[in-house]
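Worksheet: one structure, shown below.
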Amino acid sequence: MSLYPPWTSVSEAAALLVSGHIVAIPTETVYGLAGNALDPLALAKIFAAKGRPVFDPLIVHIASIDSLKDVAQNIPPAAYALAEAFWPGPLTLVLPKQPCIPDLATSGLFTVAVRIPEHPLAQEIILKAEVPLAAPSANLFKHVSPTTAEHVATQLGDKIDGIVNGGPCKVGVESTIVSFENGEAVILRPGAITPAMIESVIGKVTLKRSTSNPGEAMLSPGSMETHYQPRIPLYYGTLPEKFILPQNTVRLAFGQTTSRLPATLNLSKTANLIEATAHLYAYIHELDTPPHEFILVDPIPNEGLGIALNDRLQRASVKKI
Ligand code: TXA
Ligand code: MG
C-alpha cells in the first residue's frame, strides 16, 4: 500500500533537503530523487534508496546559469552557448567539477553532470533550498523512470522522506547528456534536445552509444544495455517469423502501424513523437502488470526525438527471444 498522498509541499521539500533528507521532485523530463549535492550523507541515502551502484554518477540540478561556475570549472564557450540556448530544459552538460562537489556525486570522476530543470516546482525547490540538488531519476536501479508522483510512490514510497507532486512530466524521457571531449561535443545519452538542435547552436556533434557493463568504469552508466527494463519482457524489433506470442501479449502501438495484434495502448495515434515520448514510460508502467506476459512495441522512426525513444526502447527490450 502506498503511503502517499499526502504529497510534500515545496517548502517542506526545501526544508527536508537542507536538513540532509531525500525527496522526490518533479522535473519536466522524469521525477528526480533529490538530495543536497554538497552533502555526502544525503548522496549516500540516494544511492541506498535506489539500490544504485556508486559507480553511477548523479546529475546536479541548479537554478541559474550564474551558479554553474559554483559547481563546474573551465567551462568551454560551447557549453555556455548550449546553456543559453536550452536552459532551463532537458539538457545536461558534463563539465570539469569544482572541488566542493563530493566524489560520491561524480563516482570519483573529475567531471560533474549539471542541468537547470524547466519545471517551475523544481526551480522553486532549488531556490528555496539554496543548494545544488543531486537527483537521479526517482526509480529503483534499472527500472523504468517515473513520470508521475504515483510511479515514484509505488517504487520508492517507503524508502524516501517525501514526494512533491507536480503532475505528469511534460517531456517524459531523461535529459540529453552532452560532454566535451578534446574540444568536441559528444552526446552520451539522446533526449528531447536532439542532435540537430545541438548542431544548430555549436556545429558538429557526435552521438556515442556506449554499452558499458556494471562493474566497469563507465562514461554514462544510464547507457547500460539493460537499463529501463520493465518486469515483464518487452520486445522492440522485428519478431522472428516463427515466434509464437505468449497468450497475454499486449501491444504498445505507434501511429497507424498495422499488426496481427490489436493495439492495447497507442503512444500517439497521429505518430507525433512529442506525444509518444510523453506517454512512453507511463504506458510501460501501465502495461507492466499481471496478467500481461509480454509487451510488444511498434517501430518508431529513428529521427529527431525518435532517436531518444529508440535508445530507451532498445535498452528496455529483451535481447533474445
Ligand atoms: O532528465 C534527467 O536527466 C533526470 C532528471 C531527474 O533530471 N535525471 C536522470 O538521472 O536521468 P539519472 O541518474 O537517471 O541519469 C544520470 C545519467 C547517468 O547515465 C550517469 O551515468 C550520467 O548521467 N552521468 C552523471 N555524471 C556523469 C559524468 N560526470 N560523466 C558522464 N555521465 C555522467
Ligand atoms: Mg535513471
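Each value in this text was obtained by applying a stated rule to the coordinates, not by laboratory testing. The model shown is predicted, which means the values in this text are computed figures rather than measured ones. Positions of Cβ are backbone-derived with ideal geometry, glycine not excepted, and every protein chain shown enters the neighbour counts.
For this structure, a couple of remarks:
- Which of E241, E286 has the fewest Cβ neighbours within 10 Å, and the rest in rising order: E241, E286
- Segment I244-N272, extension gain: residue separation times 0.36 nm, minus the distance between their alpha carbons: 7.0 nm
- Label positions at L127 and R209, each projected 7 Å from the Cα along the C-beta direction, are separated by 4.2 nm.
- For the options T111, T176, T270, a Gaussian network treatment of the chain with springs between C-alpha atoms closer than 10 Å singles out T270 as fluctuating the most.
- HN-Hα J in Hz across region 63-69 - Karplus 6.51, -1.76, 1.60, θ = phi - 60°, x for Gly and Pro: 10, 8, 4, 4, 7, 4, 5
- Reach of K208 by Cα under 30 Å, taken over lysines that are not fewer than 8 positions away in the same chain: K50, K69, K97, K142, K170, K319, K320
- Neighbour counts of other Cβ atoms within 10 Å put C169, C100 in the fewest-to-most order C100, C169.
- Length gained on full extension, L41 to T264: 75.9 nm, using 0.36 nm per residue less the C-alpha separation.
- Neighbour counts of C-beta atoms inside 10 Å place K128, K45 in the sequence K128, K45, starting with the fewest.
- For region 6-46: rounded, prolate or oblate by the Cα gyration tensor [a/c cutoff 1.5]: oblate
- Added length on full extension, which subtracts the Cα-Cα distance from 0.36 nm per residue, V18 to F141: 41.8 nm
- The angle separating the long axis of helix 40-50 from the principal Cα axis of greatest extent in the chain is about 10 degrees.
- Here the chain is treated with +1 on each Lys and Arg Cβ and -1 on each Asp and Glu Cβ, and its dipole about the Cα centre works out to around 780 debye.
- Degrees, to the nearest 10: 120-129 long Cα axis against longest axis of the chain: 30
- Eigenvalues of the alpha-carbon gyration tensor of the chain, scaled by 5 and square-rooted, set the equivalent ellipsoid semi-axes at 31, 23, 17 angstrom, largest first.
- Taken one residue at a time, the phi angles of region 160-171 give Karplus couplings (6.51, -1.76, 1.60, θ = phi - 60°) of 10, 8, x, 9, 8, 8, x, x, x, 6, 5, 7 Hz. Gly and Pro are set to x.
- Under 18 Å from the Q98 label point (7 Å along Cα→beta-carbon), backbone N, region 9-28: 18
- Region 234-316: projected area of the alpha-carbon convex hull, averaged over directions, in nm²: 5.2
- If you plug the beta carbon distance of E293 and N74 into 1/(1 + (r/R0)^6) with R0 = 41 Å, you get a FRET efficiency near 0.20.
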